[in-house]
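The values are calculated or read from the model by the stated rules, or taken from the named source; none is laboratory data. Just so it is clear, the structure is predicted and the values come from calculations on it, not from any experiment. Positions of Cβ are backbone-derived with ideal geometry, glycine not excepted, and every protein chain shown enters the neighbour counts. Ligands, DNA and RNA are stripped out before the accessible areas are found, and what is left, the full protein with its side chains, is counted by its heavy atoms. Shrake-Rupley method; radii C 1.70, N 1.55, O 1.52, S 1.80 Å.
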Amino acid sequence: MVGRVVRIIGGFYFVEPQTPGPIVECAIRGRLKLKTQGILVGDLVKYTIDEDGRGVINEVEPRQSVLTRPYIANVNRVVLVFAHCNPDPIPLLIDKFLVLSEASGIPNLIVFNKTDLVATGKADKLANKYRSYGYNVLCTSVRSNLGKRRLLQEVKGKVSVFAGPSGVGKSALLNMIAPGLRLKTGAVSEKIGRGKHTTREVQLLKIGPDSYVADTPGFSQIALDFMKPEALAGYYPEFSAYPNCRFTSCLHETEPDCRIKGAVSAGLIAAERYQSYLELLAEVKGYWEKRYR
Ligand SMILES: Nc1nc2c(ncn2[C@@H]2O[C@H](COP(=O)(O)OP(=O)(O)O)[C@@H](O)[C@H]2O)c(=O)[nH]1
Ligand SMILES: [Mg+2]
Ligand SMILES: [Zn+2]
């Protein structure tokens with residue numbers, strides 16, 4: 001039988017069967033343990049059920065992708081959720097989430113939630129700004145069900161991870177599109193959880209045939225400690241229209257004949273995005289130098 005690992009607890013793998021049915025608790029075939037570098041949540045597996053009704057995983061299908069934060073295999077949609085207000089959007093934090101998501105190579109969608117709390121003009125302006133950078137953007141409201149159908153379409157038949165700062169409405173949005181989930185909402189309880197260092201195991205929730213979502217706890221700190229400084233510009237999609245600076249190693253800071261800086265001066269790249277690039281570059285360089293000093 002074929003199924004998807006939705007949760008891992010203490011060496012047991014909880015597998016959601018491909019054909020509708022209850023989740024099967026599986027152990028892992030000894031010989032498979034040596035072959036794979038562990039099975040991840042999100043993996044598609046072949047399993048059997050023995051005479052005693054216990055499941056055993058015999059085989060893992062090749063992975064299409066591996067997302068590292070959180071650790072999930074075969075994710076093919078990252079939904080980055082922010083709020084129009086309460087909490088206010090912070091451009092640098094948004095760009096950090098975007099960079100992280102672009103670095104994963106998995107297609108993303110920006111959702112600006114709580115649209116009910118701001119004037120239409122203000123909401124459109126924010127959404128259009130990110131559209132102009134090349135992102136897919138959706139405005140939603142859990143209060144008025146705005147964007148519900150589009151969001152459902154976006155996650156249909158996919159493994160999606162909902163990420164973003166705390167309190168923006170990630171869990172509320174998931175409850176909106178899949179009321180059966182009954183996820184806890186309200187930022188306060190999450191803040192307490194974070195302070196206590198509660199372990200956060202990842203879990204996939206099935207919301208439809210072949211549709212899975214992962215809710216993630218909000219976090220305000222993201223460390224871009226894994227990338228090379230030279231890679232960062234590649235995670236700003238609109239920068240790619242201006243290749244071939246004079247130096248191939250150009251970091252677009254103070255180098256002469258830099259096409260990115262030229263595009264900023266000409267108003268073709270938003271100054272706000274270039275500023276955020278420089279700030280994140282300083283952070284990435286800091287980590288990099290610490291590691292290789
Ligand atoms: N006005 C308004 N409040 C919302 C909306 N979505 C969520 N909220 C509220 O925002 C708070 C945080 O929501 P939650 O889903 O827990 O955020 P999470 O931390 O991102 O999972 C809760 O009190 C929700 O009721 C929305 O679209 N409009
Ligand atoms: Mg939540
Ligand atoms: Zn340059």
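Do you know which residues across region 12-21 are more than 14 Å from VAL41 (Cβ to Cβ) and open to solvent by 50 Å² or more (accessible area, probe 1.4 Å)?
If the condition is that a residue be more than 14 Å from VAL41 (Cβ to Cβ) and open to solvent by 50 Å² or more (accessible area, probe 1.4 Å), then GLN18, THR19, PRO20 are the ones that fit.
Scan region 78-105 and report the pairs whose first residue is free of Cβ contacts under 8 Å to residues at least 60 places away in the same chain and whose second residue is in a strand (DSSP E or B) and open to solvent by 40 Å² or more (accessible area, probe 1.4 Å), with Cβ atoms within less than 9 Å and a gap of 6+ or a chain change.
Hits for this filter: SER104/VAL66; SER104/THR68.
Considering each of LEU183, LEU138, LEU151, LEU174 in turn, give the residue that is assigned to a loop (DSSP other than H, G, I, E, B), in contact with a strand residue (DSSP E or B) (Cβ under 7 Å, 6 or more places away or on another chain), assigned by TED's automatic domain parsing to the domain that holds VAL99 and hydrophobic (A, V, I, L, M, F, W, C). Steps first, answer last, please.
Numbers: LEU138 fails: assigned to a loop (DSSP other than H, G, I, E, B); LEU151 fails: assigned to a loop (DSSP other than H, G, I, E, B); LEU174 fails: assigned to a loop (DSSP other than H, G, I, E, B).
None of the others qualify; the one that does is LEU183.
Output the strands (runs of 3 or more DSSP E) that fall wholly within region 22-120 and possess 1 or more residues being among the small types (Gly, Ala, Ser), or say none.
24-28, 55-60, 71-73, 77-83
Would you check which residues across region 225-254 are away from ligand 3 (no atom under 11 Å from the Cβ), over 22 Å from GLY286 (Cβ atoms) and among the charged types (D, E, K, R) and list them?
GLU238 - this is the single residue of region 225-254 that is away from ligand 3 (no atom under 11 Å from the Cβ), over 22 Å from GLY286 (Cβ atoms) and among the charged types (D, E, K, R).
Just checking, which of LEU126, LEU174, LEU146, LEU93 is within 16 Å of ligand 1 (Cβ to nearest atom) and under 17 Å from TYR212 (Cβ atoms)? Can you show your working first?
Details: LEU126 fails: under 17 Å from TYR212 (Cβ atoms); LEU146 fails: under 17 Å from TYR212 (Cβ atoms); LEU93 fails: under 17 Å from TYR212 (Cβ atoms).
Among LEU126, LEU174, LEU146, LEU93, only LEU174 is within 16 Å of ligand 1 (Cβ to nearest atom) and under 17 Å from TYR212 (Cβ atoms).
With the condition kept exactly as written, say whether any residue in region 110-132 is in the same structural domain as SER160 (by TED's automatic domain parsing) and touching a Pro at 6+ places or on another chain (Cβ under 6 Å). So that I can check it myself, show each step before the final result.
Our first condition is that a residue be in the same structural domain as SER160 (by TED's automatic domain parsing); within region 110-132, this holds for 110-132.
Still in the list and also touching a Pro at 6+ places or on another chain (Cβ under 6 Å): none.
No: zero hits.
For GLY105, are the conditions met, namely being closer than 24 Å to ILE39 by Cβ and surrounded by fewer than 15 Cβ atoms within 10 Å (Cβ to Cβ)?
Values: closer than 24 Å to ILE39 by Cβ: yes; surrounded by fewer than 15 Cβ atoms within 10 Å (Cβ to Cβ): yes.
It is true that GLY105 is closer than 24 Å to ILE39 by Cβ and surrounded by fewer than 15 Cβ atoms within 10 Å (Cβ to Cβ).
Counting just the residues of region 247-293 that are closer than 17 Å to TYR235 by Cβ, aromatic (Phe, Trp, Tyr) and open to solvent by 30 Å² or more (accessible area, probe 1.4 Å), which one comes out nearest to ligand 1 (Cβ to nearest atom)?
Checked region 247-293; the qualifying residue nearest to ligand 1 (Cβ to nearest atom) is TYR287.
More than 9 Å from ligand 3 (Cβ to nearest atom), over 18 Å from LYS129 (Cβ atoms) and among the small types (Gly, Ala, Ser): is that true of GLY262 in this structure?
Numbers: more than 9 Å from ligand 3 (Cβ to nearest atom): no; over 18 Å from LYS129 (Cβ atoms): yes; among the small types (Gly, Ala, Ser): yes.
So GLY262 fails the test.
Starting from residues that are of a type outside the set (D, E, K, R) and away from ligand 2 (no atom under 14 Å from the Cβ), keep the ones in region 147-176 and report whichever is most open to solvent (accessible area, probe 1.4 Å).
My answer is GLN153.
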